[in-house]
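The structure appears right after this line, and notes come after that.
The values are calculated or read from the model by the stated rules, or taken from the named source; none is laboratory data. Note that the structure is predicted; figures quoted are calculated from it, not measured. Here the Cβ positions follow ideal geometry from the backbone for every residue, glycine too, while neighbour counts run over all protein chains shown.
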Amino acid sequence: MRPFEARPLGPLWVKLIATLWLAVVGVSAHAQLPESADNCLACHDDPQLNAVLHGPHAVLSDSRNRFAEQGCGSCHGASEEHMRRPPRGEPRAATDIRFVKGEGGGAGDAVCLDCHHGNALHWTASAHADAGLACVDCHRLHTLDDPMSSAEAEVEHCASCHRKEHAEFMKVSAHPLDAGRMQCSDCHAAHGSATPAALTRPTINETCHECHAEMRGPFLWEHPPAREDCMSCHTPHGSAHGALLKQRTPFLCQQCHLAQFHPSTALSGTGLSGSSLPSGSTSLMGQDCLNCHQQVHGSNHPSGVGATR
Ligand code: HEC
Ligand code: HEC
Ligand code: HEC
Ligand code: HEC
Ligand code: HEC
Ligand code: HEC
Ligand code: HEC
Ligand code: HEC
Ligand code: HEC
Ligand code: HEC
């Protein structure tokens, strides 16, 4: 597992304005803070840390975050021991609850899940929890822009661990991740789901149909593999072949369609002078299957039999 990489807030000017704003508004906001938070801020009053005061976890009118009641303790615990001056030569006691990356399943996650119990449903059985990730392996609480709330920051962060998958998106044909048009969580539920590979929808096809509705059908003339599993022909992330294909045609098609099943007349080499190719070669004259069978996903044309129109 790779160490967490701190991410800057954004462009320099955003950072500047945010810092100025926090310096001005942050200070005046302290006046209304619960005493428990003031206690902590007596020692921890730094603008970057104080961003948490302006996010959803410190909205005083929202009782769900318990901030009005418990202040910083709503996450860190009352931490009385921590606030005491340590005996000379000894380190300060840690806060009651600690948030440590790569140490999931502990008290830190339990605090988050206590409020975000909706996320617990699949989380406990997810590959991420299983691998020991904690909520703070992805989320940052003391910032106004959690990396998981922007497409580009999210992709960069997922890629910091999933280099192989991210590299697939650099191939000739790929889903447009780097342009910021898509993100990993369009297809994957980072908190886990009931499907293999933690997809956002109950099946692979339903995940694809979310954006490629025209492939959903039902069609008058179905092509069974498209109905069953888009992955029979495509890769999800990227491919060296066009259109995210696993193999290029005709080899792709020939994995399932043996040459002898095809009407010999369509591709026969008979009658061609000097042809050394065996009669019925499926690659003859570069006649790609798609030249004739254009509707590989299914056809609604009244005479679309054979996926030819
Ligand atoms: C008297 C000053 C003081 C007060 C009050 C105080 N802290 Fe700290 N805190 C420190 C110091 C100093 C460190 C750095 C300790 C270290 O690096 O060993 C620290 C470190 C921390 C850390 C990082 C290390 C850890 O234990 O996880 C957290 C989180 C933290 N404080 C939260 C809080 C919270 C929440 C409160 C209020 C409940 C609070 N602090 C009140 C002085 C204080
Ligand atoms: C919603 C939960 C939550 C609340 C509320 C919260 N914190 Fe934190 N705090 C965290 C988490 C999680 C971390 C671990 C680092 C991170 O996510 O940014 C953290 C880290 C810290 C650290 C250590 C920073 C470092 O660089 O190691 C300090 C100090 C701290 N918090 C102080 C406070 C103080 C003071 C308050 C109240 C003003 C507060 N926290 C409110 C969740 C919270
Ligand atoms: C005491 C309850 C409470 C705790 C503890 C808590 N949260 Fe939250 N959290 C909330 C509430 C309330 C919201 C706002 C939800 C909304 O507006 O729908 C929120 C919002 C969020 C959001 C959405 C952020 C955004 O900017 O919209 C994330 C991500 C999040 N919490 C993660 C965490 C993590 C990770 C922890 C543990 C470190 C944590 N929360 C601890 C109550 C809590
Ligand atoms: C592997 C990275 C990752 C981990 C670990 C992670 N999250 Fe998230 N989280 C995300 C992403 C990505 C999003 C935004 C996309 C989405 O809504 O699914 C998100 C969104 C959220 C939100 C706001 C939207 C919502 O679902 O309500 C909350 C709250 C949240 N996470 C809480 C948690 C808690 C609690 C934990 C720990 C049990 C956790 N997350 C662990 C990646 C992660
Ligand atoms: C701190 C490292 C880390 C980060 C960050 C991270 N992952 Fe993972 N992820 C893992 C590990 C470890 C596994 C389990 C082993 C494996 O499959 O490689 C995993 C597994 C997965 C799986 C397979 C799930 C399954 O059920 O088989 C998917 C999908 C996934 N991660 C997507 C994401 C996405 C999307 C993000 C960003 C929101 C993300 N990961 C961020 C480490 C990470
Ligand atoms: C267009 C949808 C889509 C996007 C976007 C996407 N994935 Fe996937 N991913 C899938 C599908 C579908 C599978 C399952 C493939 C299979 O079962 O053959 C998968 C599989 C995975 C796996 C599991 C691989 C294994 O061998 O179990 C990981 C890890 C993963 N993706 C990570 C990521 C990461 C990280 C990102 C973002 C950089 C990402 N994915 C973006 C659809 C997507
Ligand atoms: C969140 C939306 C979304 C989801 C979900 C999605 N796609 Fe895409 N897909 C796109 C976008 C956007 C493009 C790029 C279209 C463009 O460039 O005009 C694309 C392009 C493609 C292409 C053409 C690539 C090329 O190089 O021509 C294929 C094939 C494809 N997707 C298959 C799939 C499959 C299979 C799945 C399910 C695993 C899937 N898509 C899920 C949005 C999505
Ligand atoms: C039998 C193999 C096969 C299956 C199964 C299949 N596809 Fe395709 N798909 C292709 C081929 C071949 C192309 C390239 C077509 C071309 O170049 O004209 C393609 C192209 C695409 C394109 C981009 C071009 C376009 O027509 O917009 C998308 C998007 C796409 N497929 C999505 C899907 C989805 C979603 C599924 C699952 C429902 C799926 N495919 C199942 C073979 C298949
Ligand atoms: C994963 C296996 C698989 C792949 C790959 C595959 N097919 Fe098929 N195809 C089938 C099955 C199964 C049928 C249904 C056979 C039947 O009904 O007897 C079928 C039927 C057909 C039919 C006849 C449709 C009809 O209406 O009778 C054509 C034409 C066809 N496929 C063309 C293609 C082409 C072109 C490709 C490559 C782009 C391709 N297939 C790739 C499995 C596959
Ligand atoms: C020159 C045009 C052409 C090319 C190239 C072509 N086909 Fe065909 N194919 C046809 C025609 C025409 C039919 C008959 C359609 C009908 O039933 O009306 C057919 C029928 C089929 C059938 C259904 C056969 C049956 O027995 O019902 C399959 C499967 C098929 N083709 C697969 C392929 C594959 C795989 C390739 C590439 C290796 C390919 N075709 C290349 C024209 C072509």
Original post:
Tally time: how many residues in the range 106-145 are within 14 Å of ligand 5 (Cβ to nearest atom) and either assigned by TED's automatic domain parsing to the domain that holds Ala197 or small (Gly, Ala, Ser) (or both)?
Top reply: 7
Original post:
Taking Ala266, is it in a helix (DSSP H, G or I), at pLDDT 95 or above and aliphatic (A, V, I, L, M)?
Top reply: no
**OP:** Give the residue, chosen from Thr249, Thr200, that is surrounded by 15 or more Cβ atoms within 10 Å (Cβ to Cβ), within 16 Å of ligand 4 (Cβ to nearest atom), free of Cβ contacts under 8 Å to residues at least 60 places away in the same chain and polar (S, T, N, Q).
**Re:** Thr200
Original post:
Is it fair to say Ala94 is in contact with a helix residue (DSSP H, G or I) (Cβ under 7 Å, 6 or more places away or on another chain) and without any contact (Cβ under 8 Å) to a residue 12 or more places away in the chain?
Top reply: no
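Hey, does the range 140-156 have a residue that's under 14 Å from the mean Cα position of the chain (by Cα), closer than 22 Å to Arg98 by Cα and within 10 Å of ligand 4 (Cβ to nearest atom)? Walk me through it before giving the result.
Start the filter on the range 140-156 by keeping residues that are under 14 Å from the mean Cα position of the chain (by Cα), which leaves 147-156.
Filter once more, keeping what is closer than 22 Å to Arg98 by Cα: 147-148.
If we keep only those that are within 10 Å of ligand 4 (Cβ to nearest atom) as well, we get 147-148.
Yes, the conditions are met somewhere in the range 140-156.
Mind checking which residues of the range 147-161 are without any contact (Cβ under 8 Å) to a residue 24 or more places away in the chain and surrounded by 15 or more Cβ atoms within 10 Å (Cβ to Cβ)? Spell out the reasoning first.
Filtering the range 147-161 for residues without any contact (Cβ under 8 Å) to a residue 24 or more places away in the chain gives 149-150, 159.
Correct list: Ser150, Ala159.
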Original post:
Can you name the condition, by its number, that Glu152 falls short on among (1) away from ligand 7 (no atom under 16 Å from the Cβ); (2) more than 15 Å from Ala189 (Cα to Cα)?
Top reply: (1)
Original post:
From the list Gly102, Gly89, which residue is in a loop (DSSP other than H, G, I, E, B) and more than 32 Å from the chain's Cα centre (by Cα)?
Top reply: Gly89
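Taking the stated definitions as given, is Ala110 within 25 Å of Ala197 (Cα to Cα), modelled with pLDDT of 95 or more, loosely packed, with under 14 Cβ neighbours inside 10 Å and of a type outside the set (Phe, Trp, Tyr)? First the steps, then the outcome.
Working: within 25 Å of Ala197 (Cα to Cα): yes; modelled with pLDDT of 95 or more: yes; loosely packed, with under 14 Cβ neighbours inside 10 Å: yes; of a type outside the set (Phe, Trp, Tyr): yes.
Criteria met by Ala110.
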Original post:
How many residues, within the range 184-197, are surrounded by fewer than 17 Cβ atoms within 10 Å (Cβ to Cβ) and near ligand 7 (Cβ under 9 Å from one of its atoms)?
Top reply: 1
**OP:** Return the only residue of Ser79, Ser160 being within 16 Å of ligand 6 (Cβ to nearest atom) and among the small types (Gly, Ala, Ser).
**Re:** Ser160
Subject >> Selection from the range 62-93 of residues that are farther than 22 Å from Thr143 by Cβ, loosely packed, with under 15 Cβ neighbours inside 10 Å and not acidic (Asp, Glu) >> reply: Ser63, Met83, Arg84, Arg85, Pro86, Pro87, Arg88, Gly89, Pro91, Arg92, Ala93
